[in-house]
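Enquirer: Have a look at this one.
The values are calculated or read from the model by the stated rules, or taken from the named source; none is laboratory data. All values reported here derive from a predicted model rather than from experimental measurement. Note: ideal-geometry Cβ built from the backbone for every residue, glycine included; neighbour counts use all protein chains shown. The area values use the complete protein model at the heavy-atom level, side chains included, leaving out ligands, DNA and RNA. Shrake-Rupley method; radii C 1.70, N 1.55, O 1.52, S 1.80 Å.
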Amino acid sequence: MQQLPKNTLLQGGKYKIEKVLGQGGFGITYLASQELLDRKVCIKEFFFKDSCVRISAGAVALGTVGNKDLVERFLNKFIKEARTISKLKHPNIIRILDIFMENGTAYYVMDFIDGESLEDIVKRRGALPEDMAVGYIKQVANALDYLHQHRINHLDVKPANIMVRKEDNKAILIDFGVSKQYDEQGGQTSTTPVGISYGYAPIEQYQPGGVGEFSPLTDIYSLGATLYRLVTGNVPPVPYRILDGCIEISTNISLSIKTAICQSMEQNKNKRPKNIQDFVSLLQVLVKNPVDNNCIHKNSILNSEQTQVLSPSNTENQQSEEGLQKYANSIINNYVNIANKKYNFYLWTGIILTFIITIIGATLSKAFETDLGIFPVVMILFMLCGSFLFPRYIRKSFIKKECVKWMDLHRDDPICKYINEENIKKISNNNTPMIYN
């Protein structure tokens, strides 16, 4: 059994587990009671799905030999982010009350929110009225604006991660499991891979290094996708299913909401609203407009009020497959480019070392008046050969290893079927350092 059983005590009886609330890729969330204060809390346990194993009496083994380093990196990030978020004070952001190590893993304690997620609300009642949807979105926007001021990207904004508290109808942003903190220069302070929520993550989040620098634009895309879900009742399409850079929306949605969704879900992130304030300004006026030709794909025909991109025609299927191929190729290309830099570094290091050793050898031979015969020539040829073959091996191994690692982290992504050995080999051979040819 992966979850802690009911009535499990943590921190010497300070907390008692009552039930499991949910499990994601990086942890298990429990409802618990804080015994002395007699209150309900949520406890999130770091448990990397498919890598961690419950071995006995609650104890957790952090990964296998092959991926232990990666799991430990995520564990350290889990602790670091909990510390960061515990310092944040905002009415629309979940409060972290405590953090501790136990059972070979880490836990943090949060406020228990008596309510339901926006995802559950939409599943229960369908598309929300526009004023209600915009009200929730503006609250989340305030939370994101606060995060961005502290150089934090949430990177997993979606209806399932927004709780609505029953007592005051307040929207609370939760689950910072894949969030990233950035330094003053905008560089990330952790290098763990980024998770993907299909339909809510922009295309740059799929790409290696795509969120390596701080930018509010990634969260803005996800906020627009969340608004789309609330007002249409439909799950947003993944980026490679959005044709010509503009999502199709039913005709009964207000112009301002359409504009906010279309602009925030632009595939070219530089065309999105530059910050949260710009996004919110698009929602200030709710104007009913039956047709918005600037937002609807010029070649599409809407046969109903539901978005058509979620039930594509054969041509759209073909374009979707081409999109999958295109983005799979871009992922492989990213690793190939990194590998090419490594190749050039090792190649020129080997050549320079061969040159230096040759000069030293010749100098010593002359100084000691020693005739080494053909031995120096053989050594020079051997070193030159190694200077070319070793970087080639490093390049090939790096590309394959990183592609396999990406697929392990995104195993449910349809892109994976195009990140295969044939494609990797083809792209590697077509994109090589100049001297490699």
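Enquirer: Within the range 1-22, is there a residue that is surrounded by fewer than 16 Cβ atoms within 10 Å (Cβ to Cβ), in contact with a strand residue (DSSP E or B) (Cβ under 9 Å, 6 or more places away or on another chain), among the hydrophobic types (A, V, I, L, M, F, W, C) and in contact (Cβ under 8 Å) with a residue 40 or more places away in the chain?
Expert: yes
Enquirer: Looking only at residues in the range 59-68 that are open to solvent by 20 Å² or more (accessible area, probe 1.4 Å) and not in a loop (DSSP other than H, G, I, E, B), which one is farthest from LYS405 (Cα to Cα)?
Expert: Top of the filtered list is ALA59.
Enquirer: Return the residues of the range 234-250 that are at pLDDT below 70 and either of a type in the set (Gly, Ala, Ser) or within 16 Å of LEU223 (Cβ to Cβ) (or both); say none if nothing qualifies.
Expert: Selection gives GLY245 alone.
Enquirer: So which pairs qualify, if the first residue must be in the range 382-407 and more than 11 Å from THR354 (Cβ to Cβ), the second must be of a type outside the set (Lys, Arg) and open to solvent by 50 Å² or more (accessible area, probe 1.4 Å), the Cβ gap must be under 7 Å, and the two must be at least 6 apart or on different chains?
Expert: Partner pairs satisfying both residue conditions: PHE390/TYR346; PRO391/TYR346; ILE394/TYR346.
Enquirer: If I filter the range 207-223 down to residues being under 22 Å from GLU402 (Cβ atoms) and modelled with pLDDT of 85 or more, which single residue comes out as surrounded by the most Cβ atoms within 10 Å (Cβ to Cβ)?
Expert: Out of the qualifying residues, it is THR218.
Rundown of residues vs (1) of a type outside the set (S, T, N, Q); (2) at pLDDT 90 or above; (3) in a loop (DSSP other than H, G, I, E, B), yes/no style:
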{"residue": "LYS6", "(1), (2), (3)": "yes, yes, yes"}
{"residue": "ILE17", "(1), (2), (3)": "yes, yes, no"}
{"residue": "GLY25", "(1), (2), (3)": "yes, no, yes"}
{"residue": "TYR30", "(1), (2), (3)": "yes, yes, no"}
{"residue": "CYS42", "(1), (2), (3)": "yes, yes, no"}
{"residue": "PHE48", "(1), (2), (3)": "yes, no, yes"}
{"residue": "ILE55", "(1), (2), (3)": "yes, no, no"}
{"residue": "LEU70", "(1), (2), (3)": "yes, no, no"}
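Enquirer: On to the next question. Quick check on this structure: which one of ILE399, ILE356 is open to solvent by less than 40 Å² (accessible area, probe 1.4 Å), at pLDDT 85 or above and assigned to a helix (DSSP H, G or I)?
Expert: Details: ILE356 fails: open to solvent by less than 40 Å² (accessible area, probe 1.4 Å).
Just a single option satisfies the conditions, and that option is ILE399.
Enquirer: Among residues belonging to the range 40-58 that are open to solvent by less than 90 Å² (accessible area, probe 1.4 Å) and in contact (Cβ under 8 Å) with a residue 60 or more places away in the chain, point out the one that is farthest from VAL20 (Cα to Cα). Break it down stepwise before answering.
Expert: Filtering the range 40-58 down to residues open to solvent by less than 90 Å² (accessible area, probe 1.4 Å) leaves 41-48, 51-54, 56, 58.
Next cut, in contact (Cβ under 8 Å) with a residue 60 or more places away in the chain only: 41-46.
Numbers: VAL41: 12, CYS42: 10, ILE43: 10, LYS44: 10, GLU45: 11, PHE46: 14 Å.
Looking at residues that are open to solvent by less than 90 Å² (accessible area, probe 1.4 Å) and in contact (Cβ under 8 Å) with a residue 60 or more places away in the chain, I get PHE46.
Enquirer: Now a separate question. The conditions are (1) surrounded by fewer than 21 Cβ atoms within 10 Å (Cβ to Cβ); (2) modelled with pLDDT of 95 or more; (3) among the acidic types (Asp, Glu), and GLU204 fails exactly one of them. Which is it?
Expert: (2)
Enquirer: Continuing with the same structure: Which one of ALA141, ALA127, ALA133, ALA160 is under 24 Å from VAL231 (Cα atoms), open to solvent by 30 Å² or more (accessible area, probe 1.4 Å), small (Gly, Ala, Ser) and part of a helix (DSSP H, G or I)?
Expert: The match here is ALA160.
Enquirer: Looking at (1) in a loop (DSSP other than H, G, I, E, B); (2) surrounded by fewer than 17 Cβ atoms within 10 Å (Cβ to Cβ), can you tell me which one PHE100 breaks?
Expert: Of the numbered conditions (1) in a loop (DSSP other than H, G, I, E, B); (2) surrounded by fewer than 17 Cβ atoms within 10 Å (Cβ to Cβ), the odd one out for PHE100 is (1).
Enquirer: Out of the residues in the range 72-97 that are part of a loop (DSSP other than H, G, I, E, B) and among the charged types (D, E, K, R), which is nearest to SER51 (Cα to Cα)?
Expert: The qualifying residue nearest to SER51 (Cα to Cα) is ARG95.
Enquirer: Something else: Only one of LYS366, LYS326 is within 25 Å of LEU384 (Cβ to Cβ), at pLDDT below 85, in a helix (DSSP H, G or I) and not aliphatic (A, V, I, L, M); which?
Expert: From the options LYS366, LYS326, the qualifying one is LYS366.
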